[in-house]
Amino acid sequence: MRAMTIVRNAATAALTLLFLGLAGTAHAQEQTGTIAGVVTDAANGQTIESALVTLDGAETGVLTNLQGRYVLTGVPVGEHTVNVTILGYEEQQVQVTVAAGQTAVVNIALTAAALNIQNLEVTGVARAAARVKLPFTVSGFHPYNTESYAEINENDFRTVTDAPLSTFSIDVDRASYANVRRFIQDGQRPPVDAVRIEEMINYFPYQWGDVAGEHPFAVTTEVTQAPWKREHRLVRIGLHAESIDTEDLPPNNLVFLLDVSGSMSSQDKLPLLKKAFALLVDQLREQDRVAIVVYAGAAGLVLPSTPGSEKDEILAALEKLNAGGSTAGGAGIKLAYDVARKYRIDGGNNRVILATDGDFNVGASSDDAMVKLIEKERESGTFLSVLGFGTGNLKDSKMEQIADHGNGNFAYIDGLLEARKVLVEEMGGTLLTLAKDVKLQVEFNPATVSGYRLIGYENRLLADEDFNDDTKDAGELGAGHTVTALYEVVPAGVAMPRPSVDPLRYQEEQPAENDAPPPTPTRFGDELVFVKVRYKDPDGDTSKLLEHPVMDRTGMASADLRFAAAVAGFGMLLRESEHAGTLTLDDIVSLAEQGRGDDPRGYRGEFIRLVEASRDLKLLEMEAEEFRPDRRR
């Protein structure tokens, strides 16, 4: 077998840059397709895990997953050769024709061969190294998958009579969508708790009007039929912050806090991290400053605060970084905040950007201890953003908490295209906070609404009394950020979806909704809901209030609402939601196509292809991968 290099599928941008067009232009979308299939043993039909699948003889490819599946997305239209190799089997090549926007299914059966490992070079990370019986060891492998995700209990319907108010903190994180994309590109169904529907919806840009007036953001609402249950309404509440050109941003005092521990050695971690931060460095101006703090067995300052004009010096410091040692995350965070305070810019953007796989294992390593540390340090006025990298030991639950409590945001970087989106295209929102502690409270009119459920935001729910409590922490809104919240509303007179329960012993049975007397009209009888938003200025302690009534008028859904509903529906299917009804992946594709609209960056097109790949590979028929030790199910 020829020498080769094995790299993880979605963990590197190599394939993306060579032939994937996942976030390219509309023209590129029309000229690409997908190749997917299953690799099996020709003798017994058993699926083969960790086979290397390459295209047209390239030495970089994807590995088949636990079920022997592989996916190559964004393949240029035309004739290609799919090559499959793995120790113990003969190399197999198959010719395939790729059509625009279509998935070519190529299942490949391998014939066993004598094992010969001479001249074999293996580098990087393979998904299931612990299960591959190799007569040698490979650095960087994780013998067990230790990714962790916080448990999510899906929001259920609530009656307006019992709960007239719904209160939650905004969420502008987008990590979940990029992570879900990584799983699908690997031919796997994502873990249920990795799917945070609000983050998937908010990953995409939407069309909003201009922001005007005293507030740094505007509120927009829309009402239409729920596509998965026509007798219900779908209410969209949108917050959109004003955009600020890069040259008009206030000066930045940044501290890059970089994990260089041993767990960061694979190509999808520290090497990708260096390239990602180089993109950000290229955007810096003379008035900006950057320091670099690293942590492994101990924390250290590798670059003192340096003007953004000295790009060569900053890039050289990044390039010298190497991975090794344990992870003293707590010490690194403390040092980063110390440096940020020392070079604080009054009126500027003072921020620590933490880049890690989240695998803290030395020092303040528990979630509670890390959260307390971040909450204490944020009082200095320095905000915290978190960028997650890598697979196999990704601590999604820990990184999300750190960002939430650090007045920052959380993104997952699965390749250079995502790095560019987060650190170049969305740099204003990533770095500049316009409003902090942003909370929403929605009051439902009992004259027009029987019940409702908030789609997503399960880990952002607040007590109703928290809305007016300025000591309660909530989410931050950055320049150019948009937030979309969807409510599924049951109109008055429509039966509430509810599980069957035994008759009450001590109370008389209430009549079913369809038999109930009509609600008493009020002077607000033409309103459906009343939206209130509280927020603070970035350096403020007292909140400000916006109020916005939503009329009981159902109209034709805009393209943006159709697309947001498609993303929400896909999230519900991935989460096996009981509220998805008879919704299918074909329905999702149709709805997303109707909402595709103007898609200059190709993000919506990419989503459609991911749904189509999930359908063609029958991912919903697979069990979601379990993660340990931190999965709490």
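The values are calculated or read from the model by the stated rules, or taken from the named source; none is laboratory data. Quick caveat: nothing in here was measured; it's all calculated off a predicted structure. As a convention, Cβ positions derive from the backbone with ideal geometry for all residues, glycine included, and neighbour counts pool all protein chains shown. When the accessible area is computed, the model is the full protein with side chains, heavy atoms only, and any ligands, DNA or RNA have been set aside. Shrake-Rupley method; radii C 1.70, N 1.55, O 1.52, S 1.80 Å.
Some values worked out for this structure:
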| item | result |
| --- | --- |
| Average accessible surface area per residue within segment 419-495, 1.4 Å rolling probe, Å² | 26 |
| Sequence of Glu79, Glu310 when ordered by accessible area, the most exposed leading, probe 1.4 angstrom | Glu79, Glu310 |
| Per-pair calculated FRET efficiency, R0 = 25 Å: Thr584 and Thr554 via Cβ, rounded to 0.05 | 0.55 |
| Amide H partners (placed H, <5 Å) of Glu527, local residues excluded | Asp552 |
| Segment 93-109 - phi-based ³J(HN,Hα) in whole Hz, Karplus 6.51/-1.76/1.60, Gly and Pro as x | 10, 9, 8, 8, 10, 9, 9, 4, x, 10, 10, 8, 8, 10, 8, 10, 9 |
| Carbon plus sulfur fraction of accessible area for segment 156-301, probe 1.4 Å, in percent | 43 |
| Amide hydrogen neighbours beyond the local backbone of Ile244, cut-off 5 Å, H modeled | Gly480 |
| Karplus-derived 3J(HN,Hα), 6.51/-1.76/1.60, for each residue of segment 343-350, Hz, glycine and proline x | 10, 3, 10, 5, x, x, 9, 9 |
| Unsatisfied cross-links (Cα-Cα over 24 Å) in the set Lys376/Lys472; Lys372/Lys395; Lys395/Lys536; Lys274/Lys398; Lys376/Lys421; Lys398/Lys436 | Lys395/Lys536; Lys376/Lys421 |
| Mean accessible surface per residue for segment 70-111, computed with a 1.4 Å probe while every protein chain stays in place, in Å² | 42 |
| Residues with amide H under 5 Å from that of His232, placed H, sequence gap 5 or more | Ala226 |
| Pairwise centroid distance, computed over Cα atoms, of segment 564-596 with segment 229-291, Å | 29 |
| Phi-based couplings in Hz for segment 65-78 (Karplus 6.51, -1.76, 1.60; Gly and Pro marked x) | 8, 4, 9, x, 8, 9, 9, 10, 9, x, 7, x, 4, x |
| With all protein chains modelled, accessible area of Leu619 [1.4 Å, Å²] | 0 |
